[in-house]
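S.K.: Have a look at this one.
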């Protein structure tokens with residue numbers, strides 16, 4: 001399944017969004033403009049802007065306000081990815097050297113701040129105060145989620161509840177806001193806006209769990225990251241959380257001793273991955289993702305059948321079967 005096929009009902013709108021987004025990134029400062037042009041090269045599937053446009057289409061139709069919402073979302077998303085790469089020390093982003101690998105951390109942090117401020121000013125310039133509230137709330141949640149993950153990773157005591165809280169804030173918050181902003185750009189019906197926001201929240205949770213599963217099951221050539229990299233980076237995700245819960249204390253302590261040591265993680269990540277498989281961690285996490293995906297589908301069940309609804313339902317399927 002191809003993402004372009006999934007979002008075909010807004011293909012023309014996505015093309016127009018891309019043109020407007022490129023214009024919005026332009027800067028008279030030559031270095032800033034050089035970096036933002038490189039950011040455009042790193043563009044991924046642009047699922048979040050597509051979700052803004054699909055949500056708008058579902059709630060009455062894409063408007064000029066919908067394009068502004070999509071631009072705001074992409075500016076924020078790009079800013080957070082740049083900051084994430086600095087935090088994680090990542091040297092690659094979607095098959096290309098990361099911003100911090102090319103321009104170092106100082107420029108990267110400032111560029112992330114720059115894109116975030118552009119998004120906030122863009123909303124103020126157009127009096128999109130509803131969007132500004134949703135985006136600001138997403139930024140708060142994403143920051144808190146990142147800090148909670150760091151806190152729990154240090155102590156290695158992350159529970160399933162902690163994990164779901166982290167991915168809700170880090171990943172689902174922006175997807176949820178994207179859908180809510182799209183709906184808000186096309187309707188004033190609070191019930192419809194709430195339905196799309198719930199859809200995005202559940203889809204975002206399922207998306208992240210599936211992404212975490214790819215660390216155990218994915219093809220590194222397709223995913224662009226080495227299998228087991230989460231373990232080597234000491235990121236404890238749902239498959240491992242469940243596996244630890246099923247193991248006797250002595251086995252838990254052994255696995256945790258591997259996770260605590262960077263040297264052991266580097267050479268024994270395969271042992272941890274096999275432990276997760278043996279304890280049923282992959283099946284359990286896949287089951288949780290399926291439940292969340294079903295809730296996403298249920299969230300938009302009251303909407304009449306349409307091309308936009310079909311696309312949003314197919315997007316759930318895409319998230320659940322993707323291998324990259």
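Throughout, read-outs are computed from the coordinates displayed, never taken from laboratory work. Since this is a predicted model, take the numbers as computed values, not measurements. Note: ideal-geometry Cβ built from the backbone for every residue, glycine included; neighbour counts use all protein chains shown.
S.K.: Mind checking the angle between helix 249-260 and the chain's longest principal axis? C-alpha axes, 0 to 90 degrees, to the nearest 10.
M.R.: Orientation of helix 249-260: about 60 degrees from the principal axis.
S.K.: Would you compute, from DSSP H runs of 4+ residues alone, the mean residue ellipticity of the chain at 222 nm, taking -39500 (n - 2.57) per run and dividing by the full residue count, rounded to the nearest 500? Working shown, then result.
M.R.: Values: 17 runs with 250 residues, N = 324.
It comes out at -25000 deg cm²/dmol, rounded to the nearest 500.
S.K.: Please say if the stretch 3-321 is rounded, prolate or oblate, where rounded means a/c under 1.5 for a ≥ b ≥ c the square roots of the C-alpha gyration tensor eigenvalues, and otherwise the choice is prolate for a/b larger than b/c and oblate otherwise? It would help to have the intermediate numbers written out before the result.
M.R.: On the way: a/c = 2.06, a/b = 1.37, b/c = 1.50.
Oblate is the answer for the stretch 3-321, as a/c is 1.5 or above yet b/c matches or exceeds a/b.
S.K.: Another question, then. Ranked by Cβ crowding within 10 angstrom, fewest neighbours first, how are 78, 143 ordered?
M.R.: Values: 78 25, 143 15.
With the fewest neighbours first, 78, 143 line up as 143, 78.
S.K.: I would also like to ask the following. Using a 7 Å offset from Cα along Cα-Cβ at residue 16, what residues in the stretch 57-83 end up with backbone N under 18 Å from the label point?
M.R.: 57-74
S.K.: Quick one: helix 173-184 against the long Cα principal axis of the chain, what's the angle to the nearest 10°, folded into 0 to 90?
M.R.: 20 degrees
S.K.: Could you tell me the relative contact order of the chain? Use alpha-carbon pairs under 8 Å, at least six residues apart, and round to a whole percent. Can you show the working numbers first?
M.R.: Working: 427 pairs, mean separation 67.7, N = 324.
Value for the chain: 21 percent.
S.K.: Relative to the longest principal axis of the C-alpha atoms of the chain, give the angle of the C-alpha long axis of helix 64-88, reported between 0 and 90° and rounded to the nearest 10°.
M.R.: Rounded to the nearest ten degrees, it is 30.
S.K.: Using a ≥ b ≥ c from the Cα gyration tensor of the stretch 69-145 (square roots of the eigenvalues), is it rounded, prolate or oblate, where a/c under 1.5 gives rounded and otherwise the larger of a/b and b/c decides, a/b for prolate? It would help to have the intermediate numbers written out before the result.
M.R.: Working: a/c = 2.44, a/b = 1.98, b/c = 1.23.
In terms of gyration-tensor shape, prolate.
S.K.: Is the C-alpha gyration tensor of the stretch 115-240 telling us rounded, prolate or oblate? Criteria: a/c under 1.5 is rounded; beyond that, a/b larger than b/c is prolate, otherwise oblate. Each step should come with its number before you reach the end.
M.R.: Numbers: a/c = 2.09, a/b = 1.93, b/c = 1.08.
It is prolate, given that a/c is not under 1.5 and a/b is the larger ratio.
S.K.: Between residue 136 and residue 1, what is the label-to-label distance in nm when each label sits 7 Å out along the Cα-to-Cβ direction?
M.R.: Output for this residue pair reads 3.7 nm.
S.K.: What FRET efficiency, computed as 1/(1 + (r/R0)^6) with R0 = 51 Å and r the Cβ-Cβ distance, is obtained for residue 303 and residue 155, rounded to the nearest 0.05?
M.R.: On the way: r = 43 Å, r/R0 = 0.85.
Taking R0 as 51 Å, the efficiency between residue 303 and residue 155 is 0.75.
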